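What follows is a single structure, written as structure tokens, with notes after it.
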Amino acid sequence: MYYHNMESRDIGVNLATEQYLMNAKNFDEPLLLFYYQDPCIIVGRNQNTLEEINQDYVTDHHIAVTRRLSGGGAVFDDLGNLSFSFVVDRNDDRFGDFKAFTAPIVTALKDMGATGVTVSGRNDILVDGKKFSGNAMYVKDDKMFSHGTLMLDVDQSVVAHALNVPADKMASKGIKSVRSRVTNLKPYLDSQYQSLTVPEFRDLLIKKVFGVSDLAAIQDKQYQLTEKDRMAIQDLVDQYYHNWDWVYGKSPEFTVKRRQHFPFGTIDARLLVKNGRLTHVTFFGDFFGEKDANDLAERLVGTRYEALSLEKVLKTVNVNDYFSGMDQARLVQFLL
């Protein structure tokens, strides 16, 4: 087996590296990847991004959002989480067999004192009944990867806010995340390992998986990116992981119902969003306005369902003409 430690702390770059190494490189043995990143949310391939994240909180706290190639639910990562990925030649019998792929990690964690670790359900790793790892798989042509998270010391207070979306505000055909009782792994490790940083934890895992006491012994097994690799990876970052159309536009069609009472009256908005853009907008309510609100609704059709795009369109009109007493900033906030 080979391994590679990613240097980037950008989730987009790290997912692009995983994709590139699977698609473009042919290794004669499996490849094990490790990466960790700044605060971010990664939604599954078939999910509605806006249905999974608390957009206001995510924006205010500068949390990156991206979409991965694999299915499954949304996860929150920060610098207290270590992600791993096994890249292998495709074998149809192994797709979906998370227990087999996570076995080396589980064995290593038990050796570090987390004796209560078990693989449970479809794709989770638990300790004493609480989830600290979620896993997903992706196949393309004759290659596949199985990747997962290891919550060593994640800020769980952020998880509760960043992934908290009111269920009655939106309806879509996207795959919903299943919320589980989660925990950090660190308290379950032997005392000698509880002060480990994420890089130290990663290096210890590598040594245990490879069965060595010194990383120098497997120096020839560590893959180093070339400049050509880095350029190709950046192309994937631009095409996918930092691309609004991939992150938000790939969301399944969904509807949004927004109703709010203002001092000037009540507005009830019904929005249909497809490929991340408004395709139908209707306003109801007991508000007053000099102009027909349906004319404003038509102007909004085709706009990305995000603050910057809505602000750009609404700058061209006087919002107060349609909703007497309303201003642009408040209308954008209401629609989102």
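The values are calculated or read from the model by the stated rules, or taken from the named source; none is laboratory data. All figures in this text were calculated on a predicted structure; none of them were measured in a lab. Note that we place each Cβ from the backbone using ideal geometry, even for glycine, and neighbour counts take in every protein chain shown. Only protein heavy atoms, including side chains, enter the accessible area calculation; ligands, DNA and RNA are left aside. Shrake-Rupley method; radii C 1.70, N 1.55, O 1.52, S 1.80 Å.
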Q: Report yes if Ser133 is small (Gly, Ala, Ser), in contact (Cβ under 8 Å) with a residue 24 or more places away in the chain, closer than 27 Å to Lys228 by Cβ and buried (at least 16 other Cβ atoms within 10 Å of the Cβ), otherwise no.
A: no
**Q.** Selection count, region 247-300, where residues are of a type outside the set (A, V, I, L, M, F, W, C), touching a helix residue (DSSP H, G or I) at 6+ places or on another chain (Cβ under 7 Å) and either open to solvent by 60 Å² or more (accessible area, probe 1.4 Å) or part of a strand (DSSP E or B) (or both)
**A.** 7
Q: Please enumerate the residues belonging to region 220-253 that are over 15 Å from Asn23 (Cα atoms), out of contact with any Gly (no Cβ under 8 Å at 6 or more places or on another chain) and among the charged types (D, E, K, R).
A: Asp220, Lys221, Glu227, Asp238, Glu253
Q.
For region 12-50: of the residues being open to solvent by 10 Å² or more (accessible area, probe 1.4 Å) and touching a Pro at 6+ places or on another chain (Cβ under 9 Å), which is farthest from Trp244 (Cα to Cα)?
A. Tyr36
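I'd like the residue in region 303-312 that is touching a residue at least 24 places away in the same chain (Cβ under 8 Å) and not in a loop (DSSP other than H, G, I, E, B) and, out of all such residues, is nearest to Gly249 (Cα to Cα). Working first, answer last.
Applying the first criterion (touching a residue at least 24 places away in the same chain (Cβ under 8 Å)) to region 303-312 yields 303-307, 310.
Now drop any that are not not in a loop (DSSP other than H, G, I, E, B), which leaves 304, 307, 310.
Details: Arg304: 8, Ala307: 14, Leu310: 15 Å.
Checked region 303-312; the qualifying residue nearest to Gly249 (Cα to Cα) is Arg304.
Select from region 128-153 the residues that are under 17 Å from Gly71 (Cβ atoms) and not polar (S, T, N, Q) and list them in ascending order.
Here is the first cut: in region 128-153, the residues under 17 Å from Gly71 (Cβ atoms) are 133-140, 143-149.
Scanning region 128-153 gives Gly134, Ala136, Met137, Tyr138, Val139, Lys140, Lys143, Met144, Phe145, His147, Gly148.
Residue by residue, here is whether (1) of a type in the set (Lys, Arg); (2) under 26 Å from Asn135 (Cα atoms); (3) at pLDDT below 95 holds:
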residue: Arg181; (1), (2), (3): yes, yes, yes
residue: Lys186; (1), (2), (3): yes, yes, no
residue: Asp190; (1), (2), (3): no, yes, no
residue: Arg202; (1), (2), (3): yes, yes, no
residue: Leu205; (1), (2), (3): no, yes, no
residue: Ile218; (1), (2), (3): no, no, no
residue: Tyr223; (1), (2), (3): no, yes, no
residue: Glu227; (1), (2), (3): no, no, no
residue: Ile233; (1), (2), (3): no, yes, no
Q | Pairs where the first residue, in region 313-328, is on the phi > 0 side of the Ramachandran plot and the second is open to solvent by less than 30 Å² (accessible area, probe 1.4 Å), C-beta under 7 Å, 6+ apart | A | Gly325/Phe262
Q: May I ask you to list the residues in region 109-130 that are surrounded by 19 or more Cβ atoms within 10 Å (Cβ to Cβ) and farther than 16 Å from His147 by Cβ?
A: Leu109, Met112, Ala114, Val117, Leu126, Val127
Q) For Val65, all conditions in the list (1) under 29 Å from Val106 (Cα atoms); (2) touching a Leu at 6+ places or on another chain (Cβ under 8 Å); (3) of a type in the set (Val, Ile, Thr) hold save one; what is the number of the exception? A) (2)
Q. Which members of region 321-334 meet the condition of being at pLDDT below 95, closer than 11 Å to Leu296 by Cβ and in a helix (DSSP H, G or I)?
A. Asp321
Q: Answer yes if at least one residue in region 72-82 is in contact with a Pro (Cβ under 9 Å, 6 or more places away or on another chain), open to solvent by 30 Å² or more (accessible area, probe 1.4 Å) and not in a strand (DSSP E or B), and no otherwise.
A: yes
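Looking at the structure I just gave you, is Ser85 open to solvent by less than 30 Å² (accessible area, probe 1.4 Å), touching a helix residue (DSSP H, G or I) at 6+ places or on another chain (Cβ under 6 Å) and either of a type in the set (Lys, Arg) or part of a strand (DSSP E or B) (or both)?
On the way: open to solvent by less than 30 Å² (accessible area, probe 1.4 Å): yes; touching a helix residue (DSSP H, G or I) at 6+ places or on another chain (Cβ under 6 Å): yes; either of a type in the set (Lys, Arg) or part of a strand (DSSP E or B) (or both): yes.
In short, yes.
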